[in-house]
1. Under the condition of being open to solvent by less than 20 Å² (accessible area, probe 1.4 Å), aliphatic (A, V, I, L, M) and farther than 19 Å from I289 by Cβ, which residue from region 319-359 is farthest from the ligand (Cβ to nearest atom)?
2. Could you give every pair whose Cβ atoms fall below 6 Å, whose first residue belongs to region 143-157 and is modelled with pLDDT under 95, and whose second residue is open to solvent by 50 Å² or more (accessible area, probe 1.4 Å) and not charged (D, E, K, R), counting only separations of at least 6 or pairs across chains?
3. What tally of residues in region 23-50 results from selecting those that are within 15 Å of the ligand (Cβ to nearest atom) and surrounded by fewer than 18 Cβ atoms within 10 Å (Cβ to Cβ)?
4. May I ask you to say which residue of A54, A80, A76 is more than 16 Å from the ligand (Cβ to nearest atom), over 19 Å from T299 (Cβ atoms) and open to solvent by 10 Å² or more (accessible area, probe 1.4 Å)?
5. Can you tell me which residue in region 306-318 is farthest from the ligand (Cβ to nearest atom), limited to those that are buried (at least 24 other Cβ atoms within 10 Å of the Cβ) and assigned to a helix (DSSP H, G or I)?
6. Taking region 1-22 as the region of interest, how many residues are open to solvent by 50 Å² or more (accessible area, probe 1.4 Å) and either more than 15 Å from the ligand (Cβ to nearest atom) or more than 21 Å from Q336 (Cα to Cα) (or both)?
7. Name the residues in region 290-305 that are near the ligand (Cβ under 7 Å from one of its atoms) and in contact (Cβ under 8 Å) with a residue 40 or more places away in the chain, would you?
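The values are calculated or read from the model by the stated rules, or taken from the named source; none is laboratory data. Remember, it's a predicted structure, so these values are computed and weren't measured experimentally. With ideal geometry, Cβ positions are generated from the backbone for all residues, glycine too; neighbour counts draw on all protein chains shown. These area figures cover heavy atoms from the full protein model, side chains too; ligands, DNA and RNA do not enter into them. Shrake-Rupley method; radii C 1.70, N 1.55, O 1.52, S 1.80 Å.
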Amino acid sequence: MAKYRIAWLPGDGIGVDVLEAAKIVLEKLQLDTEYVPGDIGWEFWRREGEAFPARTIELLKKVDAALFGAITSKPAKSAAAELAPALQTKGLTYRSPIVRMRQLFDLYICLRPCKAYPGNRLNFKEGIDLVVFRENTEDLYAGVEFAPVPLELAAVLEKLAKPFSPFAKLAPEQYAISCKINTRAGSERIVRAAFEFARKHQRKKVTIIHKANVVRATDGLFLEAARSVAKSYPEIPMDDANIDAMTMWLLKNPFNYDVLVAPNLYGDIISDLCAQMVGGLGFGCSGNIGEKLAVFEPTHGSAPKYAGQHKVNPIATILAAKMMLDWLGESDKAAQLEGAVAEVIKEGKVGTYDMGGRNTTLEVAQAISAKL
Ligand SMILES: NC(=O)c1ccc[n+]([C@@H]2O[C@H](COP(=O)([O-])OP(=O)(O)OC[C@H]3O[C@@H](n4cnc5c(N)ncnc54)[C@H](O)[C@@H]3O)[C@@H](O)[C@H]2O)c1
């Protein structure tokens, strides 16, 4: 029996291409693993009315980790229109399989390391090395949304919240409400994860990102929870910044920052900014991590226009595989893989179109594999 069982979830579009590339390097590393393929994504929505089939959920309960490519998702109306004719009348609603996966398996940490590998001509500045901890299950992604707004809800809000009065007289379909829900426990555990990481890797500072001066209830709670957690880590400096100021400061002086931790939506925004500073979508990798399961993926989507062309950069996915190796405790193999990626980037001889090269997805993976 193999040492590990890894769920292999290519998904849609270029997800298939980049996972094929990741397999090349993992096989070269001779990881003692059984790779178990799983169904996820748009095709399963169209054919079965379920983008995250029950069999895939069962599979994820029985693996050590998962590597995920990307999925296509579309707005509600297009989703309904693309369903197989026999499913059109069943009243099915499309839900993002990624958001569901994060919530079902309580993958509360979204970890996004953003490192500028030396010599990458896409680096905003050499030497950038940031790590983003994004809360992954709460906040504006809680999924509690109303459009149109039920009259009962409007009546309660009018009674309880004075600032609601300008909206109270609107017709239900003239506005929408998305609830931002943050819990003390959820805020504390993501901040604790960031501090634990900082302690383990001797990082110089943890920065809390919020907008507590305006979004007082939820972000106020997040900041308060963060300050209380920070007391257990007196040796690690902590500061905090508003999300808007943070985007500016990060661009102005990325070297003032190290580990960043944020509620879900701000974490999403800031991690895209950080990824762009170290080469963009072709380099952005991510781990969705819970207590029992972790799912690793590139941050990019399914880029349908490049699907099946083996044109896109596999490095984001190969770095996600490196994160997976670290999580499994295979730190030597993880370090070897990162070293091989860094070498190929530094040499600058092999690269996909976004790196200014002409090589295919698989050629880049083979070049990395050759360094192992
Ligand atoms: N995690 C995910 O699965 C995920 C994330 C984002 C978007 N999506 C979905 O993907 C679909 C396409 O979305 P999109 O076009 O906004 O975003 P995208 O990330 O798929 O692609 C945007 C553009 O970025 C470039 N790009 C992306 N990945 C690249 C790579 N590895 N190498 C080089 N260039 C790369 C391409 O030019 C591409 O057209 C949508 O259906 C969207 O909902 C999925």
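1. If we filter region 319-359 for residues that are open to solvent by less than 20 Å² (accessible area, probe 1.4 Å), which is where we start, we get 319-321, 323-325, 334, 337, 340-341, 344-345, 351-352.
From the residues that got through so far, the ones that are aliphatic (A, V, I, L, M) too are 319-321, 323-325, 334, 337, 340-341, 344-345.
In the following step, the residues that additionally are farther than 19 Å from I289 by Cβ were identified as 340-341, 344-345.
Working: A340: 18, V341: 14, V344: 15, I345: 14 Å.
Once the filter is applied, the top-ranked residue is A340.
2. Once the first residue is modelled with pLDDT under 95 and sits in region 143-157, its partners that are open to solvent by 50 Å² or more (accessible area, probe 1.4 Å) and not charged (D, E, K, R) give E145/S178; A147/A176.
3. 2
4. Details: A80 fails: more than 16 Å from the ligand (Cβ to nearest atom); A76 fails: more than 16 Å from the ligand (Cβ to nearest atom).
Exactly one of A54, A80, A76 is more than 16 Å from the ligand (Cβ to nearest atom), over 19 Å from T299 (Cβ atoms) and open to solvent by 10 Å² or more (accessible area, probe 1.4 Å), namely A54.
5. I318
6. Narrowing region 1-22 to residues open to solvent by 50 Å² or more (accessible area, probe 1.4 Å): 1, 3, 5, 16, 20.
This time we only want the ones that are either more than 15 Å from the ligand (Cβ to nearest atom) or more than 21 Å from Q336 (Cα to Cα) (or both), so: 1, 3, 5, 16.
Qualifying residue count for the region: 4.
7. Let us first name the residues in region 290-305 that are near the ligand (Cβ under 7 Å from one of its atoms), namely 297-305.
Those that are near the ligand (Cβ under 7 Å from one of its atoms) and in contact (Cβ under 8 Å) with a residue 40 or more places away in the chain: E297, P298, T299, H300, G301, S302, A303, P304.
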